[in-house]
Amino acid sequence: MNIGREAETWACQHIQQRGWQIITRNFGWSGGEIDIVATQADQLAFIEVRYRRNQVMGGAIASVDLAKQRRILNTAKFFLQQYIRYQKYQCRFDVVTINGMPGTKLKLEWIQNAFQSIN
């Protein structure tokens, strides 16, 4: 298993422990991919998982730039077109960052509402 896949699995466990239900992982189309789509009550979260070994260049959160945000937003729109039942949910965009070297204590942070819709 590669570290990226392990990071996503760890993020899913963290999210589920907080009462969220994972709808799907790695939802994608030609315009992009969303790592995790999860729901709780009337909220739907599109969650990007980013792993970085160190904080050089800003760490994991810095890698979610405007271009990445646009791809996530477009993929979320595509998801909602495919799964109409979720259109009534309050949507948000979260990022789970995981920083640290494999084999050491990794730091996980769940940033809720990490970015807003981009026009």
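The values are calculated or read from the model by the stated rules, or taken from the named source; none is laboratory data. Quantities reported herein were computed from a predicted structural model and do not represent experimental measurements. Backbone-built Cβ (ideal geometry, glycine too); neighbour counts: all protein chains shown. Surface accessibility is based on the protein's heavy atoms, side chains included, excluding ligands, DNA and RNA. Shrake-Rupley method; radii C 1.70, N 1.55, O 1.52, S 1.80 Å.
Computed with a 1.4 Å probe over protein heavy atoms only, the accessible surface of the chain comes to 58 Å² per residue. Computed on protein heavy atoms with a 1.4 Å probe, the accessible areas place SER30, SER63, SER117 in the order SER30, SER117, SER63, largest first. Work through the residues other than TYR86 whose Cβ is under 12 Å from its Cβ and net out their charges, Lys, Arg +1 and Asp, Glu -1. Cβ neighbours under 12 Å give a net charge of +2.
Normalised by 2.2 N^0.38 Å, with N the number of residues, the alpha-carbon radius of gyration of region 68-119 equals 1.47.
Share of carbon and sulfur in the accessible area of region 33-95 stands at 48%, probe radius 1.4 Å. For ARG53, nonlocal amide neighbours, meaning residues 5 or more places apart or on other chains whose placed amide H falls under 5 Å from its own, are GLY100. Remark: spin-label model distance LEU80-GLN16 equals 2.7 nm, labels positioned 7 Å along the Cα→Cβ axis. For region 28-37, putting each phi into the Karplus relation 6.51 cos²θ - 1.76 cosθ + 1.60 with θ = phi - 60° gives couplings of x, 8, 5, x, x, 9, 10, 5, 9, 10 Hz, in residue order, rounded to whole numbers and with x for Gly and Pro. Which percent, to the nearest 5, of DSSP beta bridges fully inside the chain are antiparallel? Bridges in the chain are about 65 percent antiparallel. Shape descriptor for the chain: Rg over Rh equals 0.96 (Cα atoms; Rh from the Kirkwood inverse mean 1/r).
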